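The values are calculated or read from the model by the stated rules, or taken from the named source; none is laboratory data. This structure is a prediction, so every number in the text was calculated from the model and none was measured. Every residue, glycine among them, receives a Cβ derived from its backbone with ideal geometry; neighbour counts consider all protein chains shown. Quick note on the areas: whole protein, heavy atoms, side chains included, nothing else; ligands and nucleic acids left out. Shrake-Rupley method; radii C 1.70, N 1.55, O 1.52, S 1.80 Å.
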Amino acid sequence: MSTRVNISSSGTIENLLNLGFTPQDALHELIDNSLDAKATRIRIHFRTSDQTLTLADNGRGMNKTELAEALCINNTKPASDSIGLRGLGLKAGHAMLSKLTQMTHIFSRKAGDDVYEVEANWPESIRANMWSPTPHSISARHLHLWTDASLHPDHGTVAVIPMPHTVMTALLKDNAVPLLSEIGRTYELSLIHI
């Protein structure tokens, strides 16, 4: 005998904000994702004119299937992964930093594959009670976001996240994240995997 369970997509999405993440935690989750992808460079850029954070890495990137899996709510990873065991970093990071009020964009390319993009329309997903961001080949209108931000033309990931002013302020106040203590500049981390 099977039992049917109804799950609220909008409730699940809104609960991403109740994980106890601070904006700093959310940014660290996104950096952890870059580290998981074996990135040796991560660039974080705050653009104050439109309150946007862009995070780019030169990691191995994701193909269309992997990008869809990364955005699946309640997706889990094999226990062999050391970071991000719950599979929440990408979704929770974007949800917390955008406060679910903006559409966020993720672009990714795995070596030998096309660049794929996903538009996560948080407000519409909550309104429609449906979460179904679908990766597709990068659109001509968004190609500049990839080419301007990517750290390697053949692989990597770029996240573009519009943020409410309060979130950007929280990230930068009191040097809570010393690396990001100056607004409007690009910061680059060089990371070496030993």
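Selection of region 1-43 for residues being assigned to a helix (DSSP H, G or I) and either modelled with pLDDT under 80 or open to solvent by 80 Å² or more (accessible area, probe 1.4 Å) (or both) yields 9, 10, 11, 12, 13, 14, 15, 16, 17, 18, 28. Taking the conditions (1) at pLDDT 90 or above; (2) open to solvent by 60 Å² or more (accessible area, probe 1.4 Å); (3) hydrophobic (A, V, I, L, M, F, W, C); (4) within 21 Å of residue 73 (Cβ to Cβ) in turn, residue 130 satisfies each one other than (1). Within region 44-69, the residues that satisfy the criterion of being open to solvent by less than 60 Å² (accessible area, probe 1.4 Å), within 24 Å of residue 136 (Cα to Cα) and not in a helix (DSSP H, G or I) are 52, 53, 54, 55, 56, 57, 58, 59, 61, 62, 63. Once region 70-99 is narrowed to residues that are part of a loop (DSSP other than H, G, I, E, B) and closer than 16 Å to residue 132 by Cβ, the residue that is modelled with the lowest pLDDT is 75. The set of residues from region 106-152 being among the aliphatic types (A, V, I, L, M) and within 23 Å of residue 96 (Cα to Cα) comprises 106, 118, 120, 126, 128, 130, 145, 149. Candidates are the residues of region 158-183 that are touching a helix residue (DSSP H, G or I) at 6+ places or on another chain (Cβ under 7 Å) and open to solvent by 20 Å² or more (accessible area, probe 1.4 Å); the one that is modelled with the highest pLDDT is 162. Those residues that are open to solvent by 60 Å² or more (accessible area, probe 1.4 Å), without any contact (Cβ under 8 Å) to a residue 60 or more places away in the chain and of a type outside the set (D, E, K, R), I need them from region 95-118; list them, please. Hits for region 95-118 are 103, 111, 112.
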